[in-house]
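Colleague: Sharing a structure here in structure tokens format.
Throughout, read-outs are computed from the coordinates displayed, never taken from laboratory work. These numbers were taken from a predicted model, which means no experiment stands behind them. Ideal geometry is used to build each Cβ from the backbone, glycine not excepted, and the neighbour counts take in all protein chains shown.
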């Protein structure tokens with residue numbers, strides 16, 4: 001599936017990025033190249049291969065990695081907000097949303 | 001109105017009752033200082049990794065089984081991508097094409113209501129539940145009560161990462177009351193099995209409705225509108241009613257409906273556009289690479305199933321069959337598990353299940369309501385109430401005296417026998433003593449006696465009243481009746 005300027009525009013929109021018409025002309029062929037590169041994998045026959053979700057080995061996939069329902073110390077309000085670009089009244093503060 | 005058919009599908013988000021969040025050890029406790037219960041995982045800091053809370057699997061399984069769903073041996077967590085300030089990672093960990101459970105068929109009891117809100121005729125209805133999946137909640141946006149609120153939104157991430165079960169139905173509801181009864185059914189089931197507190201006012205059960213209308217007989221669904229901000233079952237009902245009217249109004253005026261999301265505004269009693277389809281999200285779901293697939297063995301499912309209590313509907317049916325209760329009575333007694341337990345213990349202790357039902361539904365619940373308590377906190381134990389019912393059935397005290405005794409038991413925590421003794425309430429059943437009172441009453445009312453004997457039988461009640469009064473309310477009415485009849489006609 002060739003990547004067109006329309007696709008790049010859509011992705012930019014979904015990522016909340018502003019993109020100029022000039023940039024669109026640069027990025028569209030670059031992204032098309034990247035996708036074409038990855039598409040080489042389609043040459044492999046993967047009919048009998050299970051998707052490797054979580055990046056684990058077949059043994060590892062069934063490893064029970066869940067934890068018990070016990071609480072652990074949290075950061076607390078002060079630390080949680082310390083690196084925030086804007087914080088006030090114990091909250092993260094952002095421009096007005098609906 | 002009758003030319004149109006309403007189509008409703010529901011999505012419920014229920015908070016699962018865990019101590020810690022779904023993917024980190026932060027507390028789920030409600031009402032703490034804003035942002036206090038946060039850590040690198042739920043703040044979405046770089047490099048932090050989620051680890052699934054085992055209790056979420058168990059409570060999710062309980063919820064799924066209580067709603068008749070099949071649990072999948074393997075499910076996959078997926079990232080749902082969107083931008084909003086209350087979602088620090090830029091994605092929500094949810095489930096998509098391989099959910100935790102699916103394919104449920106649930107039978108609910110439902111009834112249309114008259115104008116006063118009273119149910120007309122209860123009937124069973126089957127609802128298909130498409131899926132129940134596990135996911136994390138987002139944080140909370142605070143829009144009021146803080147400085148410069150016209151320019152800023154404030155974010156509290158204590159709720160971010162709280163475990164949720166999302167329960168989605170097919171568009172199976174045809175009236176707003178069906179939707180209403182379904183939500184109540186789900187709420188009770190989740191509370192019953194301990195999966196969720198499911199309290200809509202507290203926000204730990206949230207509901208969204210997809211509503212459309214079509215001409216009766218049409219096969220194609222109409223344009224659907226998603227309703228949000230339904231903060232109680234009553235609000236949901238009102239919002240659906242409003243929305244159906246609105247849609248029919250638009251269509252009958254020759255207009256077209258937009259596929260959109262609308263918010264219910266309770267104060268204005270109307271729905272308002274929140275976003276239209278053009279702005280609809282493209283979530284770009286993909287498998288969450290930081291979590292392995294969730295494997296749930298048949299053995300685990302069997303264990304959860306074995307640990308489940310008898311479900312409310314099964315119990316209601318049993319109450320009707322075994323104890324001979326009516327549908328409304330059995331429904332009321334199975335509205336909460338603690339009440340159903342209380343009832344069964346009382347029924348056993350009293351030896352009279354129907355009397356036990358009456359005493360609990362009328363007298364006990366009134367006392368509990370007035371004190372703001374539930375059955376499990378009752379000052380009167382089921383055994384004590386059972387004894388009271390026995391005393392009445394054995395004619396030791398009258399039903400009227402029983403009410404006083406229960407009131408006193410509730411206030412003081414004393415047993416029925418102790419209250420009866422203290423107040424000298426023992427019912428008079430000695431026939432010799434009752435005969436003596438009857439003789440006195442007859443002698444002091446010669447004219448009534450004459451009229452009665454001349455055929456004015458209605459006066460029988462007068463004599464009964466006089467005898468009971470003369471006994472200071474203690475005479476056993478059954479014996480008074482018997483003896484009076486004999487004496488008046490002799």
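Colleague: How many Cβ atoms of partner chains, on average, are near each residue of B:146-155 if near means within 10 Å of its Cβ?
Modeller: Mean shielding by partner chains, rounded to a whole number: 5.
Colleague: On to the next question. At each listed q (0.18 Å⁻¹), what is the log10 of I(q)/I(0) that the Debye formula gives for the range B:24-63 modelled as equal alpha-carbon point scatterers?
Modeller: These q points yield log10 I(q)/I(0) values of -0.64.
Colleague: Continuing with this model, one more query. How large is Rg/Rh for the protein assembly as shown, to two decimals, with Cα atoms and a Kirkwood Rh?
Modeller: On the Cα set of the protein assembly as shown, Rg over Rh gives 1.12.
Colleague: Still on this structure: If R0 is 22 Å, what FRET efficiency do you get for residue B:308 and residue B:348 from their C-beta distance, rounded to 0.05? Intermediate results must be reported in sequence, preceding the final value.
Modeller: Values: r = 22 Å, r/R0 = 1.02.
E(calc), rounded to 0.05, equals 0.50.
Colleague: Same structure again: Principal axis extents for the range B:404-443, Cα atoms only, whole Å, descending order, please.
Modeller: 44, 14, 11
Colleague: On average, how many beta carbons from a partner chain sit within 10 Å of the beta carbon of a residue in B:76-82?
Modeller: Average neighbour count from other chains, rounded to a whole number: 1.
Colleague: Bin by bin, in steps of 5 Å, what percent of the Cα pairs in the range B:169-307 do you find, going until the bin that has the longest distance?
Modeller: Whole-percent P(r) values from 0 Å outward: 2, 8, 14, 16, 16, 14, 12, 8, 6, 3, 1, 0.
Colleague: Classify the range B:322-395 from the C-alpha gyration tensor, please: rounded if a/c falls under 1.5, else prolate or oblate depending on whether a/b exceeds b/c. Mind dumping the intermediate values first?
Modeller: Values: a/c = 1.67, a/b = 1.15, b/c = 1.46.
Oblate is the answer for the range B:322-395, as a/c is 1.5 or above yet b/c matches or exceeds a/b.
Colleague: Take every Cα pair under 8 Å in the range B:310-422 that's 6+ residues apart, average their separations, divide by the length, and report that relative contact order as a whole percent.
Modeller: Worked out over the range B:310-422, it gives 22 percent.
Colleague: Going by how many other Cβ atoms sit within 10 Å of their own, how do A:27, B:460, A:92 line up, fewest first? Please list the in-between numbers first.
Modeller: Working: A:27 17, B:460 14, A:92 25.
Fewest-to-most ranking of A:27, B:460, A:92: B:460, A:27, A:92.
Colleague: May I ask you to derive the relative contact order of chain B, considering only C-alpha pairs under 8 Å and at least 6 residues apart, and to give it as an integer percent?
Modeller: 14 percent.
Colleague: Once a ≥ b ≥ c are taken as the square roots of the eigenvalues of the Cα gyration tensor of the range B:384-466, is the result rounded (a/c under 1.5), prolate (a/b larger than b/c) or oblate (a/b not larger than b/c)?
Modeller: prolate
Colleague: Then there's this: Expressed as an acute angle from 0 to 90° and rounded to the nearest 10, what is the orientation of the C-alpha long axis of helix B:312-323 relative to the principal long axis of chain B?
Modeller: Orientation of helix B:312-323: about 20 degrees from the principal axis.
Colleague: Take the Cα atoms of the range B:102-158, find their three principal axes, and give me the spread along each one in whole Å, biggest first.
Modeller: On the principal axes, the range B:102-158 reaches 53, 37, 16 Å in Cα extent.
Colleague: Provide B:257, A:41 in ascending order of the number of other Cβ atoms located within 10 Å of each residue's Cβ, fewest first. Intermediate values should be presented prior to the final figure.
Modeller: Numbers: B:257 15, A:41 8.
If I rank by nearby Cβ atoms, fewest first, I get A:41, B:257.
Colleague: Relative contact order of the range B:431-489, please, whole-number percent, based on alpha carbon pairs below 8 angstrom and at least 6 residues apart.
Modeller: On the way: 36 pairs, mean separation 24.8, N = 59.
Result for the range B:431-489 is 42 percent.
Colleague: Between residue B:482 and residue B:377, take the C-beta separation as r, use R0 = 41 Å, and let me know the FRET efficiency to the nearest 0.05.
Modeller: 0.45
Colleague: Right, here's the next one. Give me the Debye-computed log₁₀ of I(q)/I(0) at q = 0.19 Å⁻¹ for the range B:75-203, equal point scatterers on Cα only, no solvent, two decimals.
Modeller: Computed log10 I(q)/I(0) values: -1.13.
Colleague: Label chain B by shape, choosing from rounded, prolate and oblate, from the square roots a ≥ b ≥ c of the eigenvalues of the Cα gyration tensor; if a/c is under 1.5 it is rounded, and otherwise prolate applies when a/b is larger than b/c, oblate when it is not.
Modeller: prolate
Colleague: Other chains near B:11-24: what is the mean number of their Cβ atoms within 10 Å of each residue's Cβ?
Modeller: Other-chain Cβ atoms within 10 Å of each residue's Cβ, averaged: 2.
Colleague: Return one number: the angle in degrees, 0 to 90 and rounded to the nearest 10, between the long axis of the Cα atoms of helix B:477-489 and the longest principal axis of the Cα atoms of chain B.
Modeller: 30
Colleague: Can you tell me what share of the DSSP beta bridges in chain B is antiparallel? A percent to the nearest 5 is fine.
Modeller: Within chain B, antiparallel bridges account for around 90 percent of the total.
Colleague: To the nearest 10 degrees, how steeply does helix B:431-444 sit against the main Cα axis of chain B, on a 0 to 90 scale?
Modeller: Tilt of helix B:431-444: around 70 degrees.
Colleague: Right, something else. Arrange the following residues from fewest to most other Cβ atoms within 10 Å of their Cβ: B:109, B:236.
Modeller: Neighbour counts put them in this order, fewest first: B:109, B:236.
Colleague: Hey, what does the equivalent ellipsoid look like for the range B:171-226, semi-axes from the Cα gyration tensor as sqrt of 5 times each eigenvalue, largest first, whole Å?
Modeller: 29, 12, 8
Colleague: Given the DSSP H assignment, sum -39500 (n - 2.57) over each helix run of at least 4 residues in chain B and divide by its residue total; what's the result at 222 nm in deg cm²/dmol, nearest 500?
Modeller: Rounded to the nearest 500, it is -11500 deg cm²/dmol.
Colleague: Hey, another quick one. Dividing the Cα convex hull volume of the range B:430-490 by residue count, how many Å³ per residue is that?
Modeller: 69
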